[in-house]
Amino acid sequence: MSHWNEVTQDALDQYVRDLFVSEDDVLQSIQTESRSQGLPQIHIRPEEGLMIQFLLTAIGARHVVEIGTLGGYSSAWIARALPPDGHLITIENDPGRARSVDAFFERVGLGERIEVMNGLAPACLETIASRGPFDAIFMDAPKDDYPAYLEWSLDNIRSGGLIMAHNAFWGGAVVGAAWRDEHQLQGLLSFTRSVAYDKRLLGTIIPVGDGIVAAIRL
C-alpha cells in the first residue's frame, strides 16, 4: 500500500521552500510591514513568488502589469524577474496603501522599477492600454473581476505573453471543499473555464500554493 496519503501538502511546500526559496531582508520586511499595518495576510506564498519569477524570466518579460498590490510582496518578486530596463505597473485601489507601498519601494531601491498606480482597476487599465502591448499580466484581486481582466489582457498582451492569476484553487472552493463568497467563486470559475477553452491561449493551473492560472497568448 502506498504511503502517499501520509505526506501532507504543507510538508511538500516546505520541501520546495527549503530547497529553492530564499527570502532576503526586503521580502521579509514587506511581510513585517504588512502585518504591522494590519493588512490581510492573503499575499502570495514564497514558493508562488518564485514560480512567478521563474515564468517571467522564462519568457524574457520586460513590461508587466499587476492588478492588486496589497503590501507589495508579489510586486517585489515580479520586479526581480525583470531586466535593468524592465518596468512593473502595479494597480492598488486603496490610496493610503498605494502611498505606503510606493514609499517603501523607494526606500528599498525598487522605486525606479515599480510604478504604483492608485485607482479602480478598470479605469487604470484603460489609462495604461496605450503603453502596451505588455509581456505579462498578473491578477491577485477580487475574483468576480477576473473575467473582465482577462478580456483586457487578451487585447493588451503580446503574442507569447503570459497571463497569470492567483488563487486558482481558492482554498478548495473550486471543487466544493471550502465555502467562499458565491459571486466571487462564480467569477473565478468563469475565468478559469475561459482560459481553458479560449483558442487564443495555451493555459493550465500550476498547483503550487493556492494554485496559479498561467496561460500563454498564442
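In the stretch 154-218, which chymotrypsin sites (Phe, Trp or Tyr not before Pro) are in a loop and have at most 15 other Cβ atoms within 10 Å, using DSSP for the loop call?
Working: sites: Phe169, Trp170, Trp179, Phe191, Tyr197; in loops: Phe169, Trp179.
Taking the stretch 154-218 and a limit of 15 other Cβ atoms within 10 Å, the loop chymotrypsin sites (Phe, Trp or Tyr not before Pro) found are Trp179.
Given H placed 1.01 Å from N in the peptide plane, which residues other than close sequence neighbours of Met139 have an amide H under 5 Å from its amide H? Excluding prolines and chain starts, which carry no amide H, the hits are Ile67, Met164, Ala165, His166. The phi torsions of the stretch 205-213, fed into the Karplus equation with coefficients 6.51, -1.76 and 1.60 and a -60° offset, translate into couplings of 10, 8, x, 10, x, 8, x, 10, 6 Hz, rounded to whole numbers, with Gly and Pro shown as x. Between amide H atoms placed 1.01 Å from N, distances below 5 Å from Glu115 occur with Leu88, Ile89, Thr90, all of them 5 or more places distant or on a separate chain.
In the chain, the sites counted are trypsin sites (Lys or Arg not before Pro) in DSSP loop states with at most 14 other Cβ atoms within 10 Å, and the longest stretch holding none of them, exclusive of the sites, is 1-198. In the stretch 4-217, Cα pairs under 8 Å separated by at least six residues give a relative contact order of 17 percent. When the P(r) is computed for the stretch 4-217, the part past 28 Å accounts for 24% of the Cα-Cα pairs. Taking every DSSP bridge with both residues inside the chain, close to 35 percent are antiparallel.
Any read-out appearing in this document is the output of simple, stated calculations on the displayed coordinates, not a laboratory observation. Because the structure is a prediction, the values reported are computed rather than measured. Quick reminder, even Gly has a Cβ in these numbers, built from the backbone with ideal geometry, and neighbours come from all protein chains shown.
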